[in-house]
Amino acid sequence: MMNNMLRNIVRFLITVLALVVLNGCSGAVEPWNEPFDTVGDWQLESDASASVEITGGRLLINILVPGQIAWASIEERPLSDFRLTVEAAQEAGPMDNEYGVLLRMEDDVRFYAFSVSGDGYVRIALYENEQWTLLGQDWTASDAVHQGMATNVLGVDANGEQLTFSVNGEVVAQLSDATLTKGGIGLYAGAFNEAGVEVAFDNLQIEPLP
């Protein structure tokens, strides 16, 4: 009887270990609420073209030069399937700008970008091989976007090849793309013809899909 009990315990431990390994390999996500109270695992890079910092419980990106983008990324937790929401608020600068979420990032050289603009447009694109590829239409007007100095809640559901993007609870784009399957996430902002774009991110939440 004792041998049977030991065998059962060993089988149980092997099963648990296998599940842990499988979850790690599949990019399974644990619920994650980011308060932005410390830098933690975030990669922040500032230079003469942009300032990226965590301050006052928010991630703040300030674009100092026209035609530039900057982001903060975290790749220590590569994710495949997940639901993400984050509050993004334009604090200053022209309405002709861009800001949003980067997902399934691979070393800052391959990623999807979900973008909105201060004047009410949205766009989804893939960045790889130092080139942008549109996934759907180019900048498209959306009534879901709060324009100007306002807060927008950006949402992403990534489920295998199926990607769904929302603004303030309203779905603005759905697509299927299998180029990238897993990676880190980032939050970004960019300027077009005029500098001074400042965007603050807060209340980032990531959770498993229901």
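Coordinate-derived values only; no laboratory data. Every value quoted in this text rests on a predicted model; they were computed, and no experiment measured them. Cβ: placed from backbone, ideal geometry, glycine included. Neighbour counts: every protein chain shown.
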Got a sec? Which residues in region 81-121 would a label at E194 touch, if it sits 7 Å along Cα→Cβ and we count backbone N under 11 Å?
93-97
Once the mean 1/r over all distinct Cα pairs of the chain is inverted, what Kirkwood radius in angstroms do you read off?
18.1 Å
Summed residue charge, Cβ within 12 Å of E128's Cβ, Lys/Arg positive, Asp/Glu negative:
-3
For every other residue with a beta carbon closer than 13 angstrom to the beta carbon of D143, add +1 if it is Lys or Arg and -1 if Asp or Glu, then tell me the sum.
-2
Say each of E91 and N168 gets a label point 7 Å from the Cα, pointing the same way as Cα to Cβ; how far apart are those two points in nm?
2.2 nm
So if each residue of separation counts as 0.36 nm, and I subtract the Cα-Cα distance between T179 and T133, what length gain in nm does that give?
15.4 nm
How many angstrom separate the Cα center of region 123-139 from the Cα center of region 140-210?
14 Å
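Hey, can you rank 156-162, 173-179 by average C-beta count inside 10 Å, highest first?
With the highest mean Cβ count within 10 Å placed first, the list reads 156-162, 173-179.
Rank by packing, highest mean first: peptides 73-84, 48-59, with packing defined as the count of other Cβ atoms within 10 Å averaged across residues.
Output ranking for 73-84, 48-59: 73-84, 48-59.
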Among V153, V109, V172: highest mean-square fluctuation, GNM of the chain, C-alpha pairs under 10 Å
V109
